[in-house]
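Asks: Please see the structure below; I have some questions.
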Amino acid sequence: MDVTKFLPLDLFAGRVVFVTGGGSGINLGIASAFAALGADVAICGRSADRLAGAAEQLNGFGHRVLTQVADVRDAEQLAAALDASERSAGPADVVVCGAAGNFVAAAENLSPNGFRTVVDIDLLGSFNTSRAAFDQLRRTRGALLFVSAAQAYLPFAYQAHVGAAKAGVDSLMRNLALEWGRYGIRSNSIVPGPTAGTEGMRRLGDVAGEETWTSMVPLGRYAELEEIAAMAVVLCSPLAAYVTGAQVIVDGGQGLSGSALFNNAVGTALDKMPDAVPDRVPDAVPADAVSGTR
Ligand code: HXC
């Protein structure tokens, strides 16, 4: 899908869009859609090399492109990145909180630091970004967009850390919609389904298998990056001027079928790994084996 076929080329002309985790995947796809519709784009991430590669792609749209190396877990780095973006391009009209971390791990094998790392990147990172962007967004009466996941509202096995983080992100999204509406700031999230060409699907698709994912999706295929990005730009545009506090699911219907196929496929894959949990419950737990029944 090419958003420029359906939306005006100058929809975001003269606007500034700041995207965390913008060096790759869905976030780069979102940054590209904004740039295609006329925006100046600032992307931030941890890897200077990745940002440089992304900037090459974004430069092709002919608008201003800025890169800032910053880790969203570090509030000072984030504030410095947003300040630098404002000095160079002006205050942000749109801020996308997209930086995220993910891996599959059985909860009983997940270290406290592993859990904290994902919560810190996804949730604390989203807070740091919104908090640091508040002053700019207040002046532009701008929009916040969070990149959530189905794990926010549906438990997925081996994703306890991601579920906690993303549920927190959506809660934060709603809170900010409530608190910052009076400043004219809108706050929404999108929930992408399995999306081709992303780090997330490399991590989750490799373990569960592409066939598992596509059979979970009523539309029967992965999303294209552009399909996720299209909803992102619409939500942050005047077309959605009265939309705030919304979790918008863009998943081909994936969440409707639950997470059982994923859970079984990843459980089987993890069982074959050398550090598999030795005593995974094989079939069913008999009624008289439950604590308190004997
Ligand atoms: C168990 C793991 C692990 C794994 C890391 N850890 N990988 N535990 N299984 N596979 C643990 C480490 O052992 C360590 O704990 C802690 O996590 C921190 O690990 P570091 O490697 O030091 O952290 P860091 O370098 O900050 O890397 C963060 C990361 C990494 C999340 C662990 O994977 C990353 O940078 N990911 C960014 C890219 C990414 O994940 N993108 C996908 C987003 S997709 P100990 O106790 O040993 O110190 C997404 C939604 C998908 O979010 C939804 C699809 C539908």
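The values are calculated or read from the model by the stated rules, or taken from the named source; none is laboratory data. Worth saying up front: this structure is predicted, and the values here are computed from it rather than measured. In this analysis, Cβ positions are derived from the backbone assuming ideal geometry, glycine residues included, and neighbour counts consider all displayed protein chains. Each accessible area value is taken on the protein alone, full model and side chains, heavy atoms only, with ligands, DNA and RNA left out. Shrake-Rupley method; radii C 1.70, N 1.55, O 1.52, S 1.80 Å.
Asks: For region 16-118, what does the accessible surface come to per residue with a 1.4 Å probe? Please give it in Å².
Replies: Dividing the accessible area of region 16-118 by its residue count gives 39 Å².
Asks: Can you give the calculated 222 nm mean residue ellipticity of the chain, where each DSSP H run of n ≥ 4 adds -39,500 (n - 2.57) and the sum is split over every residue, rounded to the nearest 500 deg cm²/dmol? Intermediate results must be reported in sequence, preceding the final value.
Replies: Numbers: 10 runs with 124 residues, N = 294.
The per-residue figure over the chain is -13000 deg cm²/dmol.
Asks: Explain nothing, just compute: Karplus ³J(HN,Hα) = 6.51 cos²θ - 1.76 cosθ + 1.60, θ = phi - 60°, for every residue of region 83-97 in order, whole Hz, x for Gly and Pro.
Replies: 4, 4, 4, 5, 4, 8, 10, x, x, 6, 8, 9, 10, 9, 8
Asks: May I pose another question? May I ask you to derive the FRET efficiency for ARG202 and ARG87 from their Cβ-Cβ distance with R0 = 51 Å, giving the value to the nearest 0.05? List each step's numbers first, then the result.
Replies: Working: r = 35 Å, r/R0 = 0.69.
It comes out at approximately 0.90.
Asks: Could the peptides 56-65, 184-193 be put in order, highest first, of the mean number of other beta-carbon atoms found within 10 Å of their residues?
Replies: Details: 56-65: 16.7, 184-193: 24.0.
By packing density, highest mean first, the sequence is 184-193, 56-65.
Asks: Shifting gears a bit: Would you kindly state how much longer the chain becomes between SER257 and ALA13 on full extension, computed as 0.36 nm times their sequence separation minus their alpha carbon distance, in nm to one decimal?
Replies: 83.9 nm
Asks: Identify which of SER111, SER130, SER148 has the largest mean-square fluctuation in a Gaussian network model of the chain, with springs joining Cα atoms closer than 10 Å.
Replies: Comparing SER111, SER130, SER148 in the GNM, the peak value goes to SER111.
Asks: Magnitude of the Cβ-charge dipole of the chain, K/R +1 and D/E -1, about the Cα centre, nearest 20 debye?
Replies: It works out to roughly 740 debye.
Asks: Additional query: Accessible area, 1.4 Å probe, largest first: how do SER88, SER237 sort?
Replies: Output order, biggest surface exposure first: SER88, SER237.
Asks: Of the peptides 45-54, 155-164, how do they stack up when ordered by the mean number of other Cβ atoms within 10 Å, highest first?
Replies: 155-164, 45-54
Asks: With a 1.4 Å probe and every protein chain left in place, work out the accessible area per residue of region 177-294 in Å², rounded to a whole number. Don't jump to the answer; show the numbers that get you there.
Replies: Values: 6570 Å² over 118 residues.
That works out to 56 Å² for each residue.
Asks: Right, something else. State the answer as a single residue: which of GLY197, GLY98, TYR158 lies farthest towards the positive end of the charge dipole of region 84-199, with beta carbon charges of +1 for Lys and Arg and -1 for Asp and Glu, about the Cα centre.
Replies: The one lying farthest along the dipole's positive direction is GLY98.
Asks: Now, a different point. Size of the chain along its principal axes in angstrom, Cα-based, largest extent first?
Replies: Between the extreme Cα coordinates on each principal axis of the chain lie 68, 38, 37 Å.
Asks: Within the accessible area of region 1-67, what % is carbon and sulfur when the probe is 1.4 Å and the other protein chains stay in place?
Replies: 48
Asks: Taking the Cα centre of region 152-276 as origin and charging only Cβ (+1 Lys, Arg; -1 Asp, Glu), how large is the dipole, in debye to the nearest 20?
Replies: 420
Asks: Oh, and also: Using only the alpha carbons, work out the radius of gyration and Dmax of region 141-294 in angstrom.
Replies: In Å, with Rg to one decimal and Dmax whole: 18.8, 63.
Asks: Summarise the accessible area of region 120-259 (1.4 Å probe, protein heavy atoms) by the percent that is carbon and sulfur.
Replies: Carbon and sulfur atoms account for 56 percent of the accessible area of region 120-259.
Asks: Work from the charge dipole of region 23-143 (Cβ charges, +1 for Lys and Arg, -1 for Asp and Glu, about the Cα centre) and give the residue of ALA55, GLY142, GLY23 farthest towards its positive end.
Replies: GLY142
Asks: Using only Cα atoms, tell me the angle between helix 125-140 and the longest principal axis of the chain; keep it within 0 to 90° and round to the nearest 10.
Replies: Helix 125-140 sits at roughly 20 degrees to that axis.
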